[in-house]
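What follows is calculated from the coordinates using simple rules that are stated; it is not laboratory data. Being a predicted model, the structure only gives us computed values, none of them experimental. Note that we place each Cβ from the backbone using ideal geometry, even for glycine, and neighbour counts take in every protein chain shown.
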């Protein structure tokens with residue numbers, strides 16, 4: 001009996017080996033597809049989020065690949081190559097797009113962005129010069145590998161041989177089962193945090209890190225479809241949380257030294273394209289990059305720790321967040337996907353006080369759907385490139401800032417003459433990436449002059465080293481200098497026309513310049529005497545790590561008034577774009593019911609929540625994806641409760657804001673309140 005059992009066991013092993021050999025021999029194309037897809041999935045994580053040697057995303061991605069690949073068995077062996085090549089092209093395309101997208105936005109692409117893809121046409125140069133890199137195309141090897149293997153198999157009559165032994169339905173079912181088993185295995189290792197972030201989808205970096213690129217894209221597709229269906233389902237639950245959130249918020253009006261200080265004055269917003277705060281403190285050879293902005297900052301209220309909170313909508317996100325004190329949409333962009341909603345905005349609240357509202361931009365009227373979105377925000381008129389301005393000088397994407405401001409100041413004079421009060425927004429454009437055309441319009445030098453002893457004469461001489469000339473960051477400094485000159489020119493023109501006598505000017509950077517970390521290496525570590533970059537081992541070498549890069553993305557915010565220079569001061573409290581509207585509400589004498597931000601002069605310890613769930617306080621920057629943070633002062637300490645408190649607050653802010661946008665909650669709740677009031681009045 002013992003010998004029989006031993007014989008049966010050996011026979012079983014032999015049969016299993018034979019079946020494995022047969023499977024490997026007759027599924028070469030499928031295995032090539034699976035392995036190459038897995039390798040590319042790992043590769044994109046290596047090149048973006050630096051997620052090395054983690055088995056969890058590999059298992060999750062493998063599950064998706066097996067399930068998608070299994071449907072190739074519906075076809076006969078000689079036709080399977082077409083299916084696997086097609087899916088390889090899809091996977092490669094996903095990797096290439098996400099790689100380029102991460103390079104520019106430090107996030108991953110979404111199917112919801114297909115609605116905004118036409119915007120890329122207008123910024124084609126920026127895409128080519130600022131986004132595309134050689135590494136973004138290293139995934140193409142998969143397609144070449146599939147073609148190579150197919151041709152080799154075809155020459156060996158492989159498909160005819162496989163047709164004799166393959167039972168397509170059986171292999172399809174077995175492969176599906178294998179994929180499902182891996183999904184179950186992946187789900188079994190998920191924490192409650194994983195489940196929450198997978199369902200919300202807004203923390204994309206974390207999802208790719210934890211579940212892989214293919215799982216992320218499948219989940220994103222489901223989330224995009226769900227977002228289109230969301231308004232039809234789940235309203236009551238979201239509305240309940242919405243009401244509870246604002247009922248529990250401290251909405252008590254607090255007065256301070258800035259309460260009603262600007263009541264009755266005009267308001268002019270200058271949307272300073274891509275200007276970062278550090279440029280105000282940068283100079284070359286004694287010549288400041290942004291002397292006009294620095295002067296205005298010293299004469300007005302200057303917020304030196306102000307951050308944009310934009311997402312994929314970049315400039316349009318900043319316009320929306322400033323206007324509404326809400327966060328950008330988690331899926332798509334408000335200006336394109338959710339412009340037909342009702343929002344409580346700065347423009348509408350000032351219109352209620354009798355203000356005429358307008359916006360001006362030197363780009364096409366249709367760009368970012370501003371023609372429609374600006375009406376939603378509450379602007380009475382939108383002046384734009386191809387309709388309201390004379391196109392006498394173009395730089396980059398449209399009308400030059402200097403020409404734009406010169407023409408705009410004349411229009412503002414007319415608006416001022418015809419209206420008691422106005423609120424307007426001037427959207428700058430010249431300083432938009434890729435900054436390639438600026439050399440023709442700026443003589444600002446980004447060289448480094450230093451003194452040295454002449455090796456031949458021994459006398460001291462001044463020498464000029466190229467420093468930032470010919471670099472992307474160097475072109476950016478030149479572009480910012482041009483934009484600063486344009487702002488100085490505008491302020492002079494407005495003053496000559498008497499506009500500044502009763503107008504508050506607010507200047508804000510809409511977002512950072514989208515420069516890569518590598519651009520700052522030369523800026524901080526340049527040796528002019530050798531025209532080289534310091535070695536990393538040099539004690540004077542400055543490394544720009546993840547946190548320093550993120551913290552350096554802050555942008556300027558200046559509130560300036562000709563007759564309020566005695567109130568000038570620098571505010572170092574951290575502040576976000578969503579804090580502007582409630583801060584202005586206190587200054588201009590109106591109330592904001594649905595603001596997520598705060599009046600910066602009435603809050604004790606503010607928090608800036610970013611669209612990906614990361615947050616910043618005066619004490620630390622916290623990254624939810626990495627579940628780690630950096631203390632701004634190394635001597636400070638924070639508790640676990642502190643981190644949990646602000647993480648919860650950040651999650652709530654993102655969730656509530658998204659519910660307002662997707663479900664049009666402000667409009668529907670206002671309608672509900674109106675009906676209730678009418679019923680109560682009828683009873684009286």
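Going by average Cβ density within 10 Å per residue, which order do the peptides 510-519, 236-245 take, highest to lowest? It would help to have the intermediate numbers written out before the result.
On the way: 510-519: 18.7, 236-245: 14.3.
Order by mean packing, descending: 510-519, 236-245.
To the nearest Å, what is the center-to-center distance of segment 284-353 and segment 646-663, using C-alpha atoms only?
19
Using packing as a proxy for protection, rank 163-170, 334-341, 60-67 so that the peptide with the highest average count of other Cβ atoms within 10 Å comes first. Could the numbers behind the result be given before it?
On the way: 163-170: 11.6, 334-341: 21.2, 60-67: 24.2.
Ranked from most to least packed, the peptides come out as 60-67, 334-341, 163-170.
Would you mind pulling out the separation of the Cα centroids of segment 481-509 and segment 168-218, in Å?
Their Cα centres are 53 Å away from one another.
Hey, how much of the P(r) for segment 546-587 falls beyond 15 Å, as a percent of Cα pairs?
Working: 495 of 861 pairs.
Pairs farther apart than 15 Å: 57 percent.
When the Kirkwood radius is taken over all Cα pairs of the chain, what Stokes-Einstein diffusion coefficient follows at 4 °C and 1.567 mPa s, in µm²/s?
Details: Rh = 28.3 Å.
The calculation lands on 46 µm²/s.
Which residues among segment 546-568 fall inside the zone where the amide N is under 19 Å from a point 7 Å beyond the Cα of residue 501, along Cα→Cβ?
561-565
Kindly state, to the nearest 0.05, the FRET efficiency for residue 413 paired with residue 443, given R0 = 35 Å and r defined as their beta-carbon distance.
Working: r = 30 Å, r/R0 = 0.87.
Step by step, r from the Cβ atoms, then E = 0.70.
Suppose each label sits 7 Å from its Cα in the direction of the beta carbon; what would the residue 535-residue 567 distance come out to in nanometres?
Using points 7 Å along Cα→Cβ, the separation is 5.6 nm.
Quick check: residue separation of residue 176 and residue 628 times 0.36 nm, minus the Cα distance between them. What number comes out in nm?
Details: separation 452, 0.36 × 452 = 162.72 nm, distance 3.75 nm.
Length gained between residue 176 and residue 628: 159.0 nm.
State the antiparallel share, in %, of DSSP beta bridges confined to the chain, rounding to the nearest 5.
Details: 28 of 54 bridges.
Within the chain, antiparallel bridges account for around 50 percent of the total.
As an exercise, use a Förster radius of 25 Å and the Cβ-Cβ distance of residue 639 and residue 247 to find the FRET efficiency, rounded to the nearest 0.05. Each step should come with its number before you reach the end.
Numbers: r = 28 Å, r/R0 = 1.12.
Taking R0 as 25 Å, the efficiency between residue 639 and residue 247 is 0.35.
Would you please calculate the Kirkwood hydrodynamic radius of segment 7-74 over all C-alpha pairs and express it in Å, rounded to one decimal? Numbers along the way, then the final one.
Details: mean 1/r = 0.0708 Å⁻¹.
14.1 Å is the Kirkwood radius here.
Mark the label point 7 Å from the Cα of residue 287 along Cα→Cβ and return the residues of segment 482-506 whose backbone N is within less than 20 Å of it.
Under 20 Å, as judged by backbone N against the label point of residue 287, lie 482-490 of segment 482-506.
Suppose the chain between residue 156 and residue 375 were pulled fully straight at 0.36 nm per residue; how much longer would it get relative to their current alpha carbon spacing?
Taking residue 156 through residue 375 to full extension adds about 72.3 nm, to one decimal.
For helix 235-248, what angle does its Cα long axis make with the longest principal axis of the chain, in degrees from 0 to 90 and rounded to 10?
Here the helix axis deviates by roughly 40 degrees.
I need the semi-axes of the equivalent ellipsoid of segment 305-432: take the C-alpha gyration tensor, multiply each eigenvalue by 5, square-root it, list largest first in whole angstrom. Mind showing how you got there, number by number?
Values: eigenvalues 105, 78, 32 Å².
Sorted largest first and rounded, they come to 23, 20, 13 Å.
With each pseudo-label sitting 7 Å past Cα toward Cβ, what's the residue 167-residue 604 distance in nm, one decimal?
For residue 167 paired with residue 604, the spin-label model returns 7.6 nm.
Is the shape of segment 186-315 best called rounded, prolate or oblate, per the rule: a/c under 1.5 gives rounded, else a/b larger than b/c gives prolate, else oblate, with a ≥ b ≥ c the square roots of the Cα gyration tensor eigenvalues?
Oblate is the answer for segment 186-315, as a/c is 1.5 or above yet b/c matches or exceeds a/b.
Using a ≥ b ≥ c from the Cα gyration tensor of segment 563-684 (square roots of the eigenvalues), is it rounded, prolate or oblate, where a/c under 1.5 gives rounded and otherwise the larger of a/b and b/c decides, a/b for prolate? Don't jump to the answer; show the numbers that get you there.
Working: a/c = 3.01, a/b = 1.49, b/c = 2.02.
Oblate.
Per the Kirkwood definition applied to all pairs of different Cα atoms, how many angstroms is the hydrodynamic radius of segment 376-482?
Numbers: mean 1/r = 0.0581 Å⁻¹.
Mean inverse Cα-Cα distance, inverted, gives 17.2 Å.
Ranked highest first by the average count of other Cβ atoms within 10 Å around their residues, in what order do 287-293, 554-560 fall?
On the way: 287-293: 20.3, 554-560: 25.1.
Ranking, from highest mean packing down: 554-560, 287-293.
Expressed as an acute angle from 0 to 90° and rounded to the nearest 10, what is the orientation of the C-alpha long axis of helix 2-26 relative to the principal long axis of the chain?
Approximately 50 degrees, to the nearest ten.
How big is the C-alpha Rg of segment 311-371 next to the rule-of-thumb value 2.2 N^0.38 Å, as a ratio? Could you put the intermediate results ahead of the total?
Numbers: Rg = 12.0 Å, N = 61, 2.2 N^0.38 = 10.5 Å.
Segment 311-371 yields a ratio of 1.14.
Can you give me the angle between helix 77-105 and the longest principal axis of the chain, using Cα atoms only, in degrees from 0 to 90, rounded to the nearest 10?
Taking Cα atoms only, the helix is inclined about 30 degrees.
Does segment 437-559 come out rounded, prolate or oblate, given a ≥ b ≥ c as the square roots of the eigenvalues of its C-alpha gyration tensor, rounded meaning a/c under 1.5 and, failing that, prolate meaning a/b above b/c? Don't skip to the end; give the middle numbers.
Working: a/c = 2.87, a/b = 1.59, b/c = 1.81.
It is oblate, given that a/c is not under 1.5 and a/b is not larger than b/c.
Test of understanding: what is the full-extension gain from residue 551 to residue 199, defined as 0.36 nm times their sequence separation minus their Cα-Cα distance? Show your work: numbers first, answer last.
Numbers: separation 352, 0.36 × 352 = 126.72 nm, distance 2.85 nm.
Going from the current span to full extension adds 123.9 nm.
In Å, what Rg and Dmax follow from the Cα atoms of segment 549-619?
Over segment 549-619's Cα set, Rg and Dmax evaluate to 13.2, 40 Å.
Efficiency by 1/(1 + (r/R0)^6): what FRET value for residue 260 and residue 460, r their Cβ-Cβ distance, R0 = 45 Å, to the nearest 0.05? Spell out each step's value before the answer.
On the way: r = 59 Å, r/R0 = 1.32.
Working from the Cβ atoms, E equals 0.15.
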